[in-house]
Amino acid sequence: MGQFVVQMPNRPGELSHLARALCVRGVNIVQIQQSTAGDLACALIYTDCCDDDTADVLHSMGYQYVAGSSVNVEIEDSPCALGDIAHKLAQGGVNIKSCCVISRHNGMAEWSLSVDNEVRAREMLGLPALVAEAEAAGN
C-alpha cells in the first residue's frame, strides 16, 4: 500500500480534482485524512495501487508530496503510548513523517506510522520483517 503526504491549495474542488485524477489512473484511495491551514491543505493518502502511478499523478498535477512506507502497530490506547513508541523510534534514528489512528478496540489502538526507514522501525518495535526483507536475509 502506498502512502503519500500531499500539499495542495485549500480551495473548493481541489480534493475532487485529485480524487478524479487518481481514479482515471486506476488508483484506489484506501484511506485519506485531510486538514487545512490558511491557503494550504495537506492530505495523508493511502492507496492500494502501484506507488509509481500515484506519484505520476501527483507530479503531473504539480503537488508537492512526500512518499513513505508505513508500519502498522497496535499499542495500548493510553495518553503516553504514542509518545513512548515515538521516543523508541527516535532513539533508533527513525523519523515519523506522519501518523494516524486506524482503529480502536478493547483498550488498544492501531496506528499507521509513515517512517523514513521501515526496516529499522520494524526492528525497533519488534515487528516481523517484510517478506522481501526476510527472503533477502535468507529466512
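The values are calculated or read from the model by the stated rules, or taken from the named source; none is laboratory data. Please read these numbers as outputs of a predicted model, since none were measured by experiment. FYI the Cβ positions are ideal-geometry reconstructions off the backbone, even for glycines, and counts take in every protein chain you see.
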For this session: Look at Ala90 and say whether it is outside the structural domain of Cys23 (by TED's automatic domain parsing), surrounded by fewer than 13 Cβ atoms within 10 Å (Cβ to Cβ), assigned to a helix (DSSP H, G or I) and of a type in the set (A, V, I, L, M, F, W, C).
Result: yes
For this session: Please indicate, with yes or no, whether at least one residue in the range 68-77 is among the hydroxyl-bearing types (Ser, Thr, Tyr) and under 16 Å from Gly2 (Cβ atoms).
Result: yes
Exercise. Out of the range 40-50, which residues are closer than 18 Å to Gln7 by Cβ, modelled with pLDDT under 90 and surrounded by fewer than 18 Cβ atoms within 10 Å (Cβ to Cβ)?
Worked result: none
For this session: Take the range 5-21 and flag every residue that is touching a Ser or Thr at 6+ places or on another chain (Cβ under 9 Å) and modelled with pLDDT of 95 or more.
Result: Asn10, Ala21
Exercise. Counting only residues that are crowded, with 16+ Cβ neighbours inside 10 Å and outside any strand (DSSP E or B), how many does the range 56-69 have?
Worked result: 3
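The rows are residues; the columns are (1) assigned to a strand (DSSP E or B); (2) of a type in the set (Phe, Trp, Tyr); (3) without any contact (Cβ under 8 Å) to a residue 40 or more places away in the chain.
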| position | (1), (2), (3) |
| --- | --- |
| Met8 | yes, no, no |
| Arg20 | no, no, yes |
| Gly26 | no, no, yes |
| Ala41 | yes, no, yes |
| Ile45 | yes, no, no |
| Ser78 | no, no, yes |
